[in-house]
1. Show the residue pairs that are 6+ apart or on different chains and have beta-carbon atoms under 6 Å apart, the first residue being within segment 121-138 and under 22 Å from residue 187 (Cβ atoms), the second being of a type in the set (S, T, N, Q) and not in a helix (DSSP H, G or I).
2. Could you please find all residues in segment 111-127 being closer than 12 Å to residue 164 by Cβ and small (Gly, Ala, Ser)?
3. So which residues in segment 67-119 are among the aliphatic types (A, V, I, L, M) and modelled with pLDDT under 95, if there are any at all?
4. Only one of these conditions is not met by residue 138: (1) at positive phi; (2) assigned to a helix (DSSP H, G or I); (3) among the β-branched types (Val, Ile, Thr). Which number is it?
5. Report whether or not residue 153 is of a type in the set (A, V, I, L, M, F, W, C), free of Cβ contacts under 8 Å to residues at least 40 places away in the same chain, within 20 Å of residue 58 (Cβ to Cβ) and part of a helix (DSSP H, G or I).
6. Identify, please: which residue in segment 67-92 is among the charged types (D, E, K, R) and in a helix (DSSP H, G or I) and is, among those, surrounded by the most Cβ atoms within 10 Å (Cβ to Cβ)?
7. For residue 164, are the conditions met, namely being within 12 Å of the chain's Cα centre (by Cα), among the polar types (S, T, N, Q) and either at pLDDT below 95 or surrounded by fewer than 17 Cβ atoms within 10 Å (Cβ to Cβ) (or both)?
8. Report whether or not residue 46 is at pLDDT 95 or above and assigned to a helix (DSSP H, G or I).
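The values are calculated or read from the model by the stated rules, or taken from the named source; none is laboratory data. Source: prediction; values computed, not measured. As a convention, Cβ positions derive from the backbone with ideal geometry for all residues, glycine included, and neighbour counts pool all protein chains shown.
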Amino acid sequence: MSPDAGRARHAANSHNCQIRSVRTMPQTSLDDAVAIVTGGSVGYGHGIARVLRDRGARVWITARRPDRLQAAAEELGVNAVAADVTVPADWDRVVQTVVADAGRVDVLVNNAGAGVNIAPLAELSDEDIARCLATNLTGAIYGCRRVAPLLQAQGSGTIINISSICDQQAWPGFSVYGAAKAGLLAFSRHLYVEMRGHGVRVTCLTPSWGNTEFSAALGWEPGEEQTRRRMTQPDELGEIVAHVCELPAHLVMPTVTVLPLVQEIVPF
């Protein structure tokens, strides 16, 4: 072996030894973490709240309808605050309530959303447009604005904004809803850049076809039980949210897209 080859081999072995000596950082624990999940009474939000609770988190769910919210909170064994994410004063009350009870916020999941009126743009009213943007975009921004200073002061925390495959794909009737979700994706990416230096993680989670009331209301719910089981289930999305939260504190998934194999998506 030539001297040069020997030195190269020695350098490679030394490099491998250095890699092997690096210790894996521990996962972030959700045990006793304080989490807020908006839109937590049904669908994805309900599943997310359930999984976070099972991981040991102290969970507060929000929703507009007090009756459904309270029923969900009792079923899940979590806390509840009735609130409309489109109302800034409601956000103030949610965050103040959680901080007063728990002393901190560790996880914010902006899940609340609604189609409002899925129809061609020419058939939408100005009120439909304003409500869709407020529910699916502005509401999440309101929540992040109130939680961001708390997480920055702590030097830790995770924000997860739940978007939709409509932030990437196009279908007739989804122009405003898709614009709102695409805005949420862009907002999340910019917020990530702002927050990373403070030790705070921001993720935009983009699910598609799910076994939820939203899909059922659109008439997308399949009649076959076998197909329904292969759609994304609320608890399955909850497991993904938990995984994002439990990553080692120095790691982040800025964007995550989740598709069920049963759904065929034709690129636009």
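1. Matching pairs, first to second residue: 128/117; 134/86; 135/86.
2. Here is the first cut: in segment 111-127, the residues closer than 12 Å to residue 164 by Cβ are 111, 113-115, 118.
Listed by number, the residues that qualify are 113, 114, 115.
3. 114, 116, 118, 119 - these are the residues of segment 67-119 that are among the aliphatic types (A, V, I, L, M) and modelled with pLDDT under 95.
4. Residue 138 satisfies all of (1) at positive phi; (2) assigned to a helix (DSSP H, G or I); (3) among the β-branched types (Val, Ile, Thr) except (1).
5. When the stated conditions are applied, residue 153 passes them.
6. Applying the first criterion (among the charged types (D, E, K, R)) to segment 67-92 yields 67-68, 74-75, 84, 90, 92.
Add one more test, that the residue is in a helix (DSSP H, G or I), and what stays is 67-68, 74-75, 90, 92.
Details: 67: 10, 68: 15, 74: 10, 75: 12, 90: 19, 92: 13.
Across segment 67-92, the extreme among qualifying residues is 90.
7. So residue 164 passes the test.
8. Yes.
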